[in-house]
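Only one structure is covered here, and it is reproduced in the block below.
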Amino acid sequence: MTTFDPGPQTASGLRPPGWLTAVLIEGRPAERDRLFGFHELSTFEPGCVSVARRFVDQTLGSWGAERAVFDAQLITSELVTNAMRHGGGAIDLRLLMDRTELACVVSDHSTAPPVTGGADVFAEYGRGLRLVGALCRAWGWLTPGGARKLVWAVLPL
C-alpha cells in the first residue's frame, strides 16, 4: 500500500503529475523508463554522483532528449547526494519520460521527508533542494511502503 506524506508533497504544493503517479503508484508502463540500481556501489561514496550523472547523459542521449541533460544531471546530483547524506544511502535512480516531461526519481532507505535548507547564504550545505525547485516544474516525495521513500523531480522537455 502506498501512503502520501501528510505534509506538503512538493515545493509547489502539488502531488506528482498524473502520468507519474500512474507509473510510480499504479505500476503502469511509462513511455520511456530506465532504472539504475546503486546496489553494486557503496551508496555513501561521492563516486555514486558521477555514475548517476553519466547514466542521465547516456539515457537522455539515447532518448533524443539532449536539451534536458544539464538540468537533469544537476537535479540528479542533488537528489543522489541527499539520499547519501540524509536517506541512509541511495537505492536506485529512475528516469521516466512522457511526451512533454522528464522525471528523475531517487529512492533511499528513509521515510523521513526531505528538508529544504534555510536561507543562510554562508552555509556550506542546505541549498540543494532549493536548486532542484528552481530547475524543475515540481518536486516532491512519496512513501510507497516499507522503509524507503521516492524523491521525484519533473522537468519540462
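What follows is calculated from the coordinates using simple rules that are stated; it is not laboratory data. Keep in mind that this is a model prediction, so the values were computed, not measured. Cβ atoms come from the backbone with ideal geometry, glycine included; neighbour counts cover every protein chain shown.
Just a few scattered comments:
- Here Ser77, Ser107 are placed in order of increasing Cβ neighbour count within 10 Å, fewest first, which gives Ser77, Ser107.
- The slack between Leu157 and Leu35, meaning 0.36 nm per residue of separation minus the straight C-alpha distance, is 42.0 nm.
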